Amino acid sequence: MNGVFSEHFTIGGAVNSSTVLGSRELIVKHFGSLTAENEMKPMVIHPRMGSWIPYGADEIANLAREHGMGMRGHTLVWHQQTPGWFFSSMGAQASPEVLLERLEDHFTRMQDRYGDVVYAWDVVNEAISDAPGEFLRPSPYLEILGEDYIEEAFRLAKRIMPDAKLYYNDYSVLDPAKQDKIYTLLSGLLEKGVPIDGIGFQGHWNIYFPDSRTLERGIQRFAALGLDVQITELDVSVYRHEDRATRLKEPTPEILELQADRYREIFQTLVNNSQYVSNVTFWGVADDKTWLDNFPVSGRKNWPLLFAEDHSPKPAYYAVVEAAGGNP
Ligand code: XIL
């Protein structure tokens, strides 16, 4: 798949230790870029103060090196999957200086170990609030460092990872209210000269959303700021966003067709706007392992990717390849 899109953008996938084992063939055949689904997050790398557990990340980085793939580093500053010790010191809340030292240490270790293979970092993930009237999401970073923490994170990343592309990554970028907030944040930072290269649209979408116009407008709005756009966590749920029902035991042929149509429309739009888009990454490999089996409903099976549970290509796969005008 990576090959058929080569004149437009690279195609990536999020992998973890179990998909590297069970889906290696698909990964190597279809992806030109990898993201560690969890293994580069601070919680996994150093769950306790002084611990350093890079083995899962090493495995993924080595697979990328072996096959000449680049990696998207995910993610440096996020309110989730960051261990509590980052934010505390001697039984109290850490001072800004202590937290910044910890970030510097973390960034430096990641750069030293993976700087050869990681070409892009999600420096800040999900900083914007979903709540009406609230701008930044409440988080220990905001509490300790104040609202300049985003700017400080990008400046620190630029100093430590001078050659990497630096992204702000978020979900619901196509929601009008959230998009306005993200636009305000990023245009303000760019005006101040903060080193941001691009925006990641996570792309946790579904068989009914988004339409091509909404996606195109979103891409072009951020591209007009001079930002590169990457789709960083693409999957197309078989459920509507707000749907919590657990009725499906397997996807019906109608659902698989709707999913293929949505993927086709998404990829046609991405191809039409490929001067602004440099990478499209799926959040997983095949439907046998997807984070949507536990989100937003724990234990509800979902089938959001291009390959079925048995790894055979789904109608969505053929639709995506067709959108590139290529052969599978
Ligand atoms: C998810 C992983 O897929 C899960 O395995 C993990 O339990 C929780 O995190 N937005 C992000 C990703 O930026 O890091 C999240 O990944 C999905 C939502």
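No value in this document is a laboratory result; all are computed from the given coordinates. Fair warning: this is a prediction, and the values are worked out from it, not measured in the lab. Note that each Cβ is placed from the backbone with ideal geometry, even for glycine, and that neighbours are counted across all protein chains shown.
Taking the Kirkwood radius as Rh and the Cα radius of gyration as Rg, the range 5-118 has a ratio of Rg/Rh equal to 1.04.
Of the trypsin sites (Lys or Arg not before Pro) found in the range 1-54, those in coil by DSSP whose Cβ has at most 15 other Cβ atoms within 10 Å are R48.
Charge dipole of the range 61-159 (Cα centre as origin; +1 on each Lys and Arg Cβ, -1 on each Asp and Glu Cβ, all else neutral): 380 debye, rounded to the nearest 20. Cα centroids of the range 34-92 and the range 290-325: 26 Å apart.
Dipole check for the range 225-328: with +1 at the C-beta of Lys and Arg, -1 at the C-beta of Asp and Glu, and the Cα centre as origin, the magnitude is about 200 Debye. Out of every Cα-Cα pair in the range 115-196, what percent are more than 22 Å apart? Of the Cα pairs, 25 percent sit more than 22 Å apart. The fraction of all Cα pairs in the range 138-242 landing in successive 10 Å bins from 0 to the largest distance is 14, 43, 31, 12, 0, given as whole percents.
Only aspartates and glutamates eight or more places from K289 in sequence, or on another chain, were considered; those with a Cα closer than 16 Å are E25, E37, E39, E233, D235, E250, E309, D310. Can you tell me the 0 to 90 degree angle between the C-alpha axis of helix 253-272 and the longest principal axis of the chain, rounded to 10? In the chain, helix 253-272 runs at an angle near 60 degrees to the longest axis.
A protection proxy built from the mean count of other Cβ atoms within 10 Å ranks the segments 227-238, 59-70, most packed first, as 227-238, 59-70. In this simple spin-label approximation, E59 and D130 carry label points 7 Å from Cα along the Cα→Cβ vector, and these lie 3.1 nm apart. Projecting the alpha carbon convex hull of the range 183-252 along each direction and taking the average yields 6.0 nm². For the chain, the residue among Y149, F87, M69 whose Cα projects farthest onto the positive side of the dipole built from Cβ charges is M69. Working note: Cα atoms of the range 3-323, range along each principal axis, descending, whole Å: 57, 40, 40.
Listed by Cβ neighbour count within 10 Å, with the fewest neighbours leading, E126, E322, E101 appear as E101, E322, E126. Taking other C-beta atoms within 10 Å as the exposure proxy, Y276, Y208, Y168, Y55 rank Y55, Y208, Y276, Y168 from fewest upward. Annotation: average projected area of the range 212-328 is 7.7 square nanometres, based on the convex hull of Cα atoms across all directions.
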